[in-house]
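The values are calculated or read from the model by the stated rules, or taken from the named source; none is laboratory data. Just so you know, these numbers come straight off a predicted model, no measurement behind them. So basically every Cβ, Gly included, is an ideal-geometry build from the backbone, and we count neighbours across all protein chains shown. Note: accessible area is taken over every heavy atom of the protein model, side chains too, but ligands, DNA and RNA are not part of it. Shrake-Rupley method; radii C 1.70, N 1.55, O 1.52, S 1.80 Å.
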Amino acid sequence: MNLPAHLSLSVLPSLSFALVAPPPPQEPAREQNPEISAVELESHVRFLASDELRGRRTGSEELNRAARYLAREFESYGLEPAGDEGSYLQEMFFVVETWEALPEVDLVSGDGEIRSAVYGQDFRVRQPGGDGSFELIVVTEDDALPELQGDSIALCLDGMSTSKARRWLEAQGVPLGIGLDLLVTFTRKPGKSTTKLPRAGRPRLAQEDFDPSPTPWIEVSPALRDFLLGGELKRIDLRLHHSRELLPTYNVIARLPGRVAEPGKGLADEAIVVSAHYDHIGVMAAERGEPAADGGEPDLIYNGADDDASGVACVLEIAQKFASLGPQERELLFLLATAEELGIIGTSFYLDHPSTPLENTVANLNFEMVGRPDEKAGGVGKLWLSGHERTSLMKTYQANGLDIVADPYPEQNFFSRSDNIVFCRRGIVGQTFSSYNLHQDYHRVSDEVETLDFEHLQGATAAGLEAVRLVADGTITPEWLEGGQPAARGR
Ligand SMILES: [Zn+2]
């Protein structure tokens, strides 16, 4: 007898007892795979993709909070720290530039008359730097760099185009005007006035020679040349409303050493890097927000539940399982990378500062957007593999009974769009597991936890665990197929 749906057993305890023997308590579907906990997967995703973490933008305090969460997880699994100085964190610094308002330049004549230059029309900023008031000294390309007294000299490179000015500065031993106060060159023709803020450079990795306050360089319209060089000008006042911050961000890395059977024997000196990126794209500019359906505040947060909180949760669960399973033949490194959305920068930084020498690294197995089933991969619990035609990996998985299928969207070029690709450019086999089905929430504020399927994520993680295990225990050693290895790209 079937009870009407709304009268489930729990509602009518007495009745049910009277009527039929209660069936054994069913494990909620998602705990079917005893090894992988969907509850833990969901709790990881719910934290990482919460509004609280404000879209996990690189350089944000929220992303660093996520990094500390991930490090605590790795520590709680008993994995070895593989970051800086015995920690799980590998630190790097990002330069984040911000324009708070339109830059301002005032030209002050000897009799105190102030002429405010119009941004876009009379001047533009080639290189932002510190504000100040400057007296003008003019040189041409035939001159040598004069002795500059004091720290408020604007050096006007008269008659030099930008490239000629760069070469002249190089030749004078002050590349980009390093150490000078202000550079002034002239454009060939006046520009157009604009109220649009200058484009802030994309956050970028600070190089060793990072200069916190480079020399400001403005390019002035030829229409102002006579006023500047005609002898009337007393000084230039610069207020650029620009700031440059050096913000720390972290890769989070843990290690499970390989099983050392006999010294020099086995595969223990070989490593696999299992990865996912934990950063996302932050918060949308308020003016771009769409009013909420209920007329409430527009949702501006890119929660990144599928991209890539799902992959991070998957890697955490796999790391936990291996920590409890103990050392495998090969060493396992678990890398949760930052700054993928800014151009795979966190993983590139890892490759320049590897926890285990790259020559000992046999593969990168990367997990990206595994939170929603893809019918083209076989539906719930199934994964597809990018770059399947380039290496032996997929075929050997299938030969070992692991049903991982080919990336169904070769036209999307996913092989080159995630963290694996930078390993490949160093000659290391690197491929991405995913179940991304081209859903419409990609890089939208709608990529929310509620859109994920945790039964699927559980199954996908179980498949991922098996995929890692087959390489970790030495059953599979992935190799490039003829012509499969992409060309190295300059770093
Ligand atoms: Zn992603």
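Numerical summary
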| read-out | value |
| --- | --- |
| Quotient of C-alpha Rg and 2.2 N^0.38 Å, computed over the chain | 1.25 |
| Isotropic mean projected area of the C-alpha convex hull, region 101-240 (nm²) | 8.9 nm² |
| Pair-distance profile P(r), taking every C-alpha pair of region 147-187, with 10 angstrom steps and integer % | 31, 58, 11 |
| Cβ-placed point charges (K, R +1; D, E -1), dipole of the chain about Cα centre in debye, nearest 20 | 860 debye |
| Total formal charge among the other residues, if their Cβ is under 12 angstrom from that of residue 379, Lys/Arg +1 and Asp/Glu -1 | -2 |
| The chain: DSSP helices with Cα axial extent of at least 20 Å and average Kyte-Doolittle hydropathy no lower than 0.5 | 311-325, 454-472 |
| Distance in nm between pseudo-label sites at residue 285 and residue 101 (7 Å out along the Cβ direction from Cα) | 1.9 nm |
| 15 Å beta-carbon shell around residue 291, net charge (K/R +1, D/E -1) | -4 |
| Mean separation of Cα contacts under 8 Å, 6 or more apart, over the residue count of the chain: relative contact order % | 19 percent |
| Kirkwood hydrodynamic radius of region 348-491, from inverse mean 1/r over distinct Cα pairs, in Å | 15.8 Å |
| Accessible area of region 101-240 divided out per residue, in Å², using a probe of 1.4 angstrom | 55 Å² |
| Relative packing of peptides 184-190, 379-385 - highest average C-beta neighbours within 10 Å first | 379-385, 184-190 |
| Label-point gap, in nm, between residue 481 and residue 85 - each point 7 angstrom along Cα→Cβ | 4.7 nm |
| Gain upon complete extension [residue 442, residue 138; 0.36 nm per residue less C-alpha separation] | 104.2 nm |
| Pairwise Lys count, the chain - Cα closer than 30 Å, eight or more residues apart or different chains | 14 |
| Spacing of the two label points (7 Å from each Cα toward its C-beta) at residue 395 and residue 227, in nm | 7.2 nm |
| Residue-span extension gain [residue 171 to residue 46] - 0.36 nm each, minus C-alpha spacing | 39.4 nm |
| Heavy-atom accessible surface of the chain: percent carbon and sulfur, 1.4 Å | 51 percent |
| Burial order of peptide ranges 272-283, 60-71 (average beta-carbon count within 10 Å, highest first) | 272-283, 60-71 |
| Ellipticity estimate at 222 nm from DSSP helix runs (n ≥ 4, -39,500 (n - 2.57)) divided over the chain, nearest 500 | -6500 deg cm²/dmol |
| The chain: antiparallel DSSP beta bridges as a percent of all, rounded to 5 | 55 percent |
| Cut-off 14 Å between beta-carbons: net charge of the residues surrounding residue 137, Lys and Arg +1, Asp and Glu -1 | -4 |
| Of all DSSP beta bridges in region 101-240, antiparallel share, percent nearest 5 | 55 percent |
| Listed peptides 90-103, 303-316, 135-148 by packing density, highest first (mean Cβ within 10 Å) | 303-316, 90-103, 135-148 |
